[in-house]
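Written below as structure tokens is the structure these notes are about.
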Amino acid sequence: MQDLYREMIIERYKTPHHKGVLEPNDFSYEDDNPSCGDHIRIDIRIDEDDRVVEALFSGQGCAISLASADLLLDSIVGKSLDEVKALEKQDILDMLGIELGPVRLKCALLSLKVLKAGAYGLGETEDNVPVR
């Protein structure tokens with residue numbers, strides 16, 4: 001079973017479904033993992049009911065980091081901001097389906113950290129003005 005998940009991670013790394021920059025967006029946030037150099041930016045567009053209608057990520061990083069970002073964004077389209085804020089570490093680990101050591105765990109969780117920072121209103125526009 002682990003091999004199946006590893007193949008899925010490599011596939012998402014090579015051909016992500018949600019890669020790009022979303023302009024205009026309702027919030028955008030980016031951060032990096034200084035221990036390995038991964039960098040992720042997430043852009044989100046929401047509707048009038050505060051539901052995610054579109055989500056894209058950009059950046060560079062290892063297969064775990066970028067695959068987890070893509071899987072995470074797959075999971076949030078259609079969800080409310082409250083549901084996005086309720087996501088937890090275990091949700092990412094369940095999506096990836098493999099055991100991770102401490103270093104890889106930071107890679108896997110970077111996208112969740114970035115998404116939640118933006119969802120809680122810490123995201124900034126290009127002018128560094130908070131959008132929510």
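What follows is calculated from the coordinates using simple rules that are stated; it is not laboratory data. Here the structure is a predicted model, which is why all the values come from computation and not from measurement. FYI the Cβ positions are ideal-geometry reconstructions off the backbone, even for glycines, and counts take in every protein chain you see.
Rule-of-thumb check for the chain: C-alpha Rg over 2.2 N^0.38 Å?
Rounded to two decimals, the normalised Rg is 0.99.
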Ranking TYR13, TYR120, TYR29 by Cβ neighbours within 10 Å, fewest first, what do you get? TYR120, TYR13, TYR29
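Neighbour counts of other C-beta atoms within 10 Å: give me ASP74, ASP94, ASP43 arranged from fewest to most.
Fewest-to-most Cβ neighbours within 10 Å comes out as ASP94, ASP74, ASP43.
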Gain in length, GLU7 to SER80, computed as 0.36 nm per residue apart minus the alpha-carbon separation, to one decimal in nm? 23.3 nm
Whole-Hz ³J(HN,Hα) from phi, Karplus 6.51 cos²θ - 1.76 cosθ + 1.60, for the stretch 20-32, glycine and proline x: x, 10, 9, 10, x, 9, 8, 7, 9, 8, 9, 7, 9
Please identify, among ALA117, ALA55, ALA108, the residue showing maximal mean-square fluctuation in a Gaussian network model of the chain using a 10 angstrom Cα cutoff. ALA117
Go ahead and run the numbers for FRET between GLN90 and GLU23, Cβ-Cβ distance against an R0 of 35 Å, rounding to 0.05. 0.60
Restricting to lysine pairs 8 or more places apart or on different chains, what number in the stretch 2-122 have Cα atoms under 21 Å apart? 15
Considering only DSSP beta bridges whose two residues both sit in the chain, what percent are antiparallel, to the nearest 5? 95 percent
Of CYS107, CYS62, CYS36, how do they rank once you tally other Cβ atoms within 10 Å and put the fewest first? CYS36, CYS62, CYS107
